[in-house]
1. Just to be sure before I move on: is Val127 within 24 Å of Gly25 (Cα to Cα) and aliphatic (A, V, I, L, M) in the structure I sent?
2. Quick one: count up the residues across region 169-186 that are open to solvent by less than 70 Å² (accessible area, probe 1.4 Å) and either among the acidic types (Asp, Glu) or in a helix (DSSP H, G or I) (or both).
3. Quickly run through region 105-131 and pick out the residues that are open to solvent by 40 Å² or more (accessible area, probe 1.4 Å), within 15 Å of Glu2 (Cα to Cα) and of a type outside the set (Gly, Ala, Ser).
4. Any residue at all in region 128-142 that's more than 27 Å from Asp12 (Cα to Cα), charged (D, E, K, R) and over 22 Å from the mean Cα position of the chain (by Cα)?
5. Could you grab the pairs with beta carbons closer than 8 Å, sequence gap of 6+ or different chains, first residue in region 56-79 and touching a residue at least 12 places away in the same chain (Cβ under 8 Å), second one among the acidic types (Asp, Glu)?
6. Here are the criteria: (1) assigned to a helix (DSSP H, G or I); (2) free of Cβ contacts under 8 Å to residues at least 24 places away in the same chain; (3) among the hydrophobic types (A, V, I, L, M, F, W, C). Tell me which single one Val93 does not satisfy.
7. Taking the options Ser8, Ser33, name whichever one is over 22 Å from the mean Cα position of the chain (by Cα), open to solvent by less than 20 Å² (accessible area, probe 1.4 Å) and at pLDDT 90 or above.
8. Quick one: in region 45-69, which of the residues that are within 19 Å of Gly83 (Cα to Cα) and acidic (Asp, Glu) is surrounded by the most Cβ atoms within 10 Å (Cβ to Cβ)?
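The values are calculated or read from the model by the stated rules, or taken from the named source; none is laboratory data. Source: prediction; values computed, not measured. When we count neighbours, we look across all protein chains shown, and the Cβ atoms used for this are built from the backbone with ideal geometry, even at glycine. Accessible surface areas use protein heavy atoms only, side chains included; no ligands, DNA or RNA. Shrake-Rupley method; radii C 1.70, N 1.55, O 1.52, S 1.80 Å.
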Amino acid sequence: MERAIIVSANCDVSELSEQLLRIEGCGITAVASSCSEARRLVKNDTEPEVVIINTPLPDEFGQELAEMIAETTPAGIILICGGDIADDIADRVSDSGINVLARPVTREELQRTIRLVLASRVRMAGVKRESSDIMSRIEEMRTINRAKTTLMKYLKFTEPQAHKYIEKQAMNNRQTRLEVAVRILAQYE
């Protein structure tokens, strides 16, 4: 279930955003009316998937809040601001991955942006998972190579002999090559 935070001093924008988030599957939505309240929510809650900030806010504009959330969480951020400054704000925050909408915002435009942010998050989660898998495979290969080097050092095996030894031990003991490598490293190091 998606988590969202809406930061707005305007109740109409908060209600519309909450409706649209619910339609898109965000089940848990927290609403804050100031930047300081939103900062507490971000620090105390589990990380939100989506944050909608309707500027200006009573205690600060909101751009700094958006940048802080972008730096500290993987949340998708939508920053709504006046049409006269939207392009300038968008130029300043585009490197942070913050989506800027110019007011007045239509219901359809906000819903389309929420869908885009959620779709981007799903895609980024897949990339992150894939990256994590690749890193664990690299670490596994490093451990196996260290075990081969250890066998070559202590038992005077050649690299092909060490490779074959690890493969054979894994097959005979019904273990993975990583488990065999860890056992070899524990034995000799």
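1. Yes; evaluated as a whole, the condition is true for this residue.
2. 7
3. Within region 105-131, Arg115, Leu116, Arg121, Val122, Arg123, Met124 meet the criteria.
4. The answer is yes; a qualifying residue exists.
5. Thr73/Glu47; Pro74/Glu47; Ala75/Glu47; Ala75/Glu49; Gly76/Glu49
6. Result: Val93 passes all but (2).
7. Ser8
8. The extreme case among them is Glu60.
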